[in-house]
Structure formats: structure tokens, C-alpha cells
Amino acid sequence: MATKDIAAQDTLEAEERKLTEIIRVAVPERSIRADLRAVSIVWRRELIRFRTDRLRAVTSLVQPVLFLFVLGTGLSRLAGRGLPVGVDFRTFIYPGVLAMSVLFTAIFSAASIVWDREFGFLREMLVAPVRRWAIVIGKCLGGATVATFQGLIFLALAGVAHVPYDPLLLLTLVGELLLLSFTLTAFGVMMAARIKQIQAFMALTQLFVLPLFFLSGALYPLNGLPAWLTVLTRIDPLTYIVAPMRHAVFEHLSISPQALQALSPGITWFGWVVPIGLCLAIVAAMGLAMLGIAIVEFRKTE
Amino acid sequence: MNPVISVSELTKRYGEIEAVRGIDFEVATGETFGFLGPNGAGKSTTIKILCTLADPTSGTARVAGHDVVKERDTVRRNIGLVFQDTTLDSYLTGEQNLRFHADLYGVPKAAFAPRLRQVLEMVGLWDRRDSVVATYSGGMQRRLEIARGLLHAPRVLFLDEPTVGLDPQTRVSIWEYINDLKKREDITIFLTTHYMDEAENCDRIAIIDHGKIVAIDTPEALKASIGKDRVQISTADDQAAIRALAEAFGIEAAMHEGLVTFSVESGEHFVPQLFARLAVAIQSVSVSRPSLDDVFMSYTGKTIRDAEASVGDRNRRIATRFGRR
């Protein structure tokens with residue numbers, strides 16, 4: 001009887017202790033797993049914020065929609081004369097405008113680093129016992145995912161521009177969007193490492209975005225341009241993603257090989273046609289290079 | 001006792017400006033240690049070095065047994081930080097902010113849920129965990145930051161001006177939470193403040209001025225070190241009272257703020273004698289202990305407000321040269 005009481009007393013005490021005891025949290029040594037967990041949470045945070053910010057998703061859609069339907073429709077009466085019969089001008093500019101639809105979102109999600117810096121949250125990330133590359137990569141993947149989502153919304157409008165909903169085509173376009181978004185976010189993050197004020201970041205973005213878009217051949221074919229414009233289009237990184245996207249779209253249209261050649265001639269370097277694979281590799285290489293620079297830059301901060 | 005923080009001959013120089021000029025101190029495990037000084041005295045620089053956010057120019061600092069320069073990541077795992085400026089993501093909920101922190105600090109997944117509840121209940125925010133931080137008041141945000149700083153069960157919690165920018169009532173409540181967590185968590189707290197009344201909450205304080213520690217002890221000992229209590233009385237005839245004080249006790253009294261004012265070693269023991277032996281009728285008595293203000297004054301020759309006015313320029317120079325960090 002007495003022993004039972006003592007036993008009961010003991011369990012009671014043990015339970016009480018459990019309630020008041022600090023829950024011991026042994027923070028483990030740094031490991032690659034810990035860094036990957038950091039990548040994952042930084043990435044997830046971007047998604048959470050995108051989900052809660054529906055206004056951004058809508059406003060980012062306005063510009064490409066204007067380009068495609070207003071500018072595209074308006075210009076089609078003029079530009080249509082240069083196009084083969086049965087090809088809509090809107091179909092022609094669709095791949096370029098699709099690229100544009102992720103352009104702003106990708107670079108602006110990098111702008112959140114500048115916001116984070118101003119509002120202090122960046123500090124929370126930088127003082128954590130994780131490698132800087134984990135934070136930078138998480139941010140780039142997050143921005144790329146969010147921008148690709150944005151692109152998907154615009155992709156849903158493909159039918160309106162007479163682009164077929166072919167599964168293989170859609171898959172190709174999504175893959176290319178992902179690559180583009182990643183490279184653009186890396187570019188944005190690289191700039192955000194240096195630029196501390198949001199105003200300066202926005203101003204610089206404006207400075208870059210429209211030239212990138214206009215020089216990419218999104219609105220016109222890349223052949224038969226004046227020499228100066230030919231050179232500039234070949235320098236623009238966006239060119240190397242717009243051409244493969246256009247190639248993918250036109251491959252899935254039932255048009256003559258001559259028309260395909262005229263509308264999607266591909267990128268030429270001194271007469272040599274750059275293969276699609278190399279175009280994509282160039283974009284990927286640039287993305288990785290900028291990611292590398294961003295990581296080095298962030299290692300230097302505080 | 002085993003020091004959890006030990007600092008020796010620490011200096012930090014920003015160009016020509018010496019923000020910290022050779023300081024030494026130790027903080028014992030479980031202690032609440034306060035750095036008291038005006039803005040620009042070197043408090044924030046010191047806390048930055050201890051938190052591995054800035055490298056010292058010379059000297060060494062060890063936190064939780066690890067060198068802050070050579071073993072930066074180990075130190076970071078063992079410390080919790082609450083900065084002057086908020087570092088929360090106001091678009092996320094309270095819980096999401098803490099989950100983010102847990103993942104960055106590698107808090108084991110199984111431990112997260114119970115620990116989350118524990119720290120949020122400790123600061124009274126468990127019910128608000130699903131609200132977006134933007135909807136929190138300033139005091140709630142600061143409490144959430146304290147909870148976050150504790151989430152990974154650090155050995156030392158650094159609080160840099162934990163109540164700055166909060167209204168007086170919220171300041172008091174933040175201190176209630178801090179005092180409460182001292183009882184419940186096995187933790188050392190290192191804080192900086194330029195509020196005298198807050199320094200009273202510390203087990204020991206270091207008074208820092210112009211990058212040097214000028215005094216270091218318990219608040220009581222510091223106050224005792226400058227000695228006397230201040231007694232103020234109002235009487236029927238003040239001039240007669242002053243004469244009587246001189247005759248009966250050998251005390252030199254003077255009129256201040258319309259009251260007969262003098263200093264004695266131990267005010268509360270002196271008052272009964274005053275009633276017994278002073279011939280003049282006494283209408284009111286007040287005894288006040290030396291405050292940390294008096295302590296600060298006696299060690300630095302100025303009040304903390306004077307000191308802040310004079311370092312303002314120096315601060316601005318540092319700020320413009322190095323940008324805000």
C-alpha cells in the first residue's frame with residue numbers, strides 16, 4: 001500500500017517536472033543536411049509569401065496581357081502582312097511575352113532581399129549558423145518557383161494566341177520558364193547583394209528590364225536586322241531563351257518548313273546557327289555564374 | 001564559478017574611432033548581466049562582437065566556451081539574439097516566423113512542436129500564433145522575438161536594448177517576461193540598456209563610457225559604493241531645523257527644492273533619531289536611495305543624458321562613414 005503511494009507520488013512528480021522542465025533542444029553540429037534544410041525553408045518562405053500576396057500575382061499579369069492582346073492585336077493588322085497565311089501575329093510574339101511574364105516576377109522576388117535588409121529580416125538569416133550559399137540558393141529557387149507559377153498563369157492563356165495545348169510543348173515551355181526564372185532571380189539576387197536601397201534597386205531594374213525585353217527578339221524575328229541591332233540582340237541573354245521557346249511553339253504549329261524558317265530562324269553567330277541545346281546551356285551557365293557571384297557577395301556582408 | 005562569457009583586452013576600431021578601448025569582464029552561468037551606458041559608449045559594438053557579427057580589432061572573447069572569431073558557428077548555435085530593430089517577417093504568422101528560425105538553427109523536428117508551445121506560452125502569444133506578425137503590437141513583436149531567441153534553447157540570450165522604442169507600460173511587461181524566463185529557463189542573459197531603471201533588474205552591471213568599463217558590480221554594491229541616502233524634510237521653521245541639525249547631529253543641511261535636504265549613511269535608521277532629537281516640528285520626511293543615475297554620475301562625472309548629447313556627434317560620424325549595419 002505504502003509503496004504504491006510512493007510510486008504514485010513519483011509519477012506525479014515526474015509529470016510535474018515534465019511540465020516545468022525546459023524542453024532540451026540540442027542544436028546539432030553543422031552538416032550538409034542542416035544546410036539543405038535551410039535551403040528548403042528559405043524556398044518555402046517565398047512560396048508562402050507568394051500565396052498570401054495575390055495582388056502581386058494579378059498585377060504582374062497585367063503587363064504581358066497588355067502586350068499580347070492590346071499591342072499584339074493592334075499591330076497584327078500591320079505586321080500580319082509579313083506573316084505567312086494562317087499565322088497570327090499574337091502567336092508570333094506569344095513566346096517572347098511569356099518570357100516577359102516571368103521577367104518582372106523573378107527580378108522582383110530578388111528585390112525581397114532588399115526589403116528583408118531594410119526590415120531587418122535578412123539579419124535573422126545571416127546570423128544563423130548556416131552557410132551563406134544555402135540562403136542564396138534557397139532564395140534563387142524560391143524566386144524561380146514563384147516566377148514559374150506566374151508564367152503558368154500566362155501559359156493558360158496560350159489558346160487565345162492560337163498556341164496549341166500540346167502536353168509536350170507545355171512541358172518544354174515550363175522547363176524553359178524554370179530555367180529562365182532561375183537565371184533572372186540569380187541576376188536579381190546578385191544585384192541585391194550590393195544594392196541596399198529599394199528605390200535604387202527598382203530604378204536599376206527598370207533600367208535593365210525593358211532593354212532586355214526589346215533586344216531579345218520577343219517582338220520581331222532575329223534575321224535581317226541592321227548590324228548594330230544584330231550585335232545587341234546576340235549580347236542580350238534573354239535572346240537565348242526566347243529563341244528556343246519560339247522554336248518549341250512553332251514546331252507544334254502546322255506550317256510549312258519555309259514559314260518555320262522565316263519565323264523562327266534561330267540565333268546565328270556569323271552565319272552559324274546556334275543549336276537550341278547550346279542556347280539553353282548559355283542561359284544556365286549565366287544563371288550559375290551569377291549565383292556564384294551572389295554567394296561570394298553575401299559571404300562578404302557582415 | 002564557470003564563466004559563460006569571458007572577454008579580455010577587447011578593442012574595436014572603426015578607422016580612427018575607437019569604439020571599444022580594451023575591456024575585460026566575465027559573466028557567470030545563469031547570471032543576468034547588463035551593459036549600461038549612453039548611446040555610442042560601445043555597448044552595441046561589444047554585443048556585436050560577442051554575437052559574432054563583428055570581428056574585434058584585438059583581444060579575445062569567448063562565449064559558451066568558444067572563441068567568437070575562430071568558432072563562429074558553434075557560438076551562433078549557442079546564443080539567442082534579440083536586436084534593437086525588429087527582425088521578424090511581418091508577412092508571416094508568429095508560428096511561421098518561429099518555424100523558419102527552427103529550420104535555420106536545425107532544431108530537431110520532434111522537439112519543435114512542444115518547444116514552440118513552451119516559448120510562445122512563456123511570452124503569452126500562444127493564442128496569437130496563427131496571426132500575421134503585421135497585426136502584432138510593438139510589445140507583442142518584441143515578445144515574439146524573445147520567444148524566437150529562446151526557441152533553440154541557447155545558453156546565452158543577448159538582448160540589445162530590449163525595450164527601446166516601447167511605451168513605459170509595455171517596457172514593464174517585457175521585463176516581467178524576462179524575469180519570468182530567468183526562473184524557467186536555464187539561461188544566461190546579456191543585455192544592453194541606457195535605461196537606469198532597467199539596469200536594476202540585472203544581477204550585475206557594467207557601466208561603460210567612451211569604450212571603457214568604468215565600474216562593474218551588482219546594482220546594490222554600485223549604489224552602496226557612492227554611499228549616502230538623501231533625506232528631505234519639511235518643517236515648521238526650516239532655518240531653525242538647519243541650525244538644529246548642525247547642533248544635534250553635526251549635519252550640514254541646505255535648502256533644495258523648497259525642502260531641507262541633507263545626506264546620511266543610512267536614511268531609514270536615521271529618521272527615528274531625527275524625530276526623537278530634533279526640536280523643530282517635522283511635517284514630512286522623504287528618504288531616497290542613491291539611484292544608478294547617481295552612480296553613473298559619480299563614475300563618469302555626468303548624467304547619462306549629458307553623455308548622450310555629447311556622443312551624438314561621434315555617433316553620426318561613425319554612422320555616415322560605415323553605413324548602417
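Across the stretch A:115-124, what is the number of residues that are buried (at least 21 other Cβ atoms within 10 Å of the Cβ) and either within 7 Å of another protein chain (Cβ to nearest Cβ) or in contact with a strand residue (DSSP E or B) (Cβ under 7 Å, 6 or more places away or on another chain) (or both)? Within the stretch A:115-124, residues that are buried (at least 21 other Cβ atoms within 10 Å of the Cβ) and either within 7 Å of another protein chain (Cβ to nearest Cβ) or in contact with a strand residue (DSSP E or B) (Cβ under 7 Å, 6 or more places away or on another chain) (or both) number 2.
Taken together, the residues in the stretch A:231-254 that are in a helix (DSSP H, G or I) and crowded, with 22+ Cβ neighbours inside 10 Å amount to 10.
When B:T11, B:T60, B:T46 are checked against the criterion of being closer than 17 Å to B:A206 by Cβ, assigned to a strand (DSSP E or B) and touching a residue at least 40 places away in the same chain (Cβ under 8 Å), B:T11 stands alone in meeting it.
Of all the listed residues (B:T46, B:T74), the sole one being at the interface with chain A (Cβ under 10 Å from one of its Cβ atoms) and under 17 Å from B:P3 (Cβ atoms) is B:T74.
Residues that are part of a strand (DSSP E or B), at pLDDT below 80 and closer than 18 Å to B:S225 by Cβ do occur in the stretch B:257-273, at least one of them. In the set B:F158, B:F190, only one residue is within 14 Å of chain A (Cβ to nearest Cβ) and either at pLDDT 90 or above or in contact with a helix residue (DSSP H, G or I) (Cβ under 8 Å, 6 or more places away or on another chain) (or both); that residue is B:F158. The single condition among (1) out of contact with any Lys or Arg (no Cβ under 6 Å at 6 or more places or on another chain); (2) crowded, with 19+ Cβ neighbours inside 10 Å; (3) not in a helix (DSSP H, G or I) that B:T163 does not meet is (1).
Tell me, yes or no, whether the stretch B:9-20 has at least one residue that is away from every other protein chain (no Cβ under 14 Å), within 17 Å of the chain's Cα centre (by Cα) and under 18 Å from B:T192 (Cβ atoms). Checking the stretch B:9-20: not a single residue is away from every other protein chain (no Cβ under 14 Å), within 17 Å of the chain's Cα centre (by Cα) and under 18 Å from B:T192 (Cβ atoms). Taking (1) at pLDDT 90 or above; (2) over 30 Å from A:R54 (Cβ atoms) in turn, B:P38 satisfies each apart from (1).
For the stretch B:118-133, the set of residues classified as more than 9 Å from chain A (Cβ to nearest Cβ) and over 28 Å from the mean Cα position of the chain (by Cα) consists of B:D127, B:R128, B:R129, B:D130, B:S131, listed by residue number.
Of all the listed residues (B:V75, B:V69), the sole one being closer than 29 Å to B:D209 by Cβ and either surrounded by fewer than 24 Cβ atoms within 10 Å (Cβ to Cβ) or not assigned by TED's automatic domain parsing to the domain that holds B:E18 (or both) is B:V69.
If you check B:R142, B:R115, B:R99 for being within 8 Å of chain A (Cβ to nearest Cβ) and under 23 Å from B:E176 (Cα atoms), only one passes: B:R115. Filtering the stretch A:255-271 to residues that are surrounded by 13 or more Cβ atoms within 10 Å (Cβ to Cβ) and either touching a Ser or Thr at 6+ places or on another chain (Cβ under 9 Å) or among the hydrophobic types (A, V, I, L, M, F, W, C) (or both) leaves A:I255, A:A259, A:L260, A:A262, A:L263, A:I267, A:T268.
When A:V160, A:V174 are checked against the criterion of being modelled with pLDDT of 95 or more, assigned to a helix (DSSP H, G or I) and surrounded by fewer than 17 Cβ atoms within 10 Å (Cβ to Cβ), A:V174 stands alone in meeting it.
Kindly indicate whether any position in the stretch A:116-130 is basic (K, R), modelled with pLDDT under 90 and in a helix (DSSP H, G or I). Yes, there is a match, as at least one residue in the stretch A:116-130 is basic (K, R), modelled with pLDDT under 90 and in a helix (DSSP H, G or I).
The values are calculated or read from the model by the stated rules, or taken from the named source; none is laboratory data. It should be emphasised that the depicted structure is a prediction, and the values quoted were computed from it without experimental measurement. Positions of Cβ are generated from backbone atoms using ideal geometry, with glycine treated the same way; all protein chains shown enter the neighbour counts.
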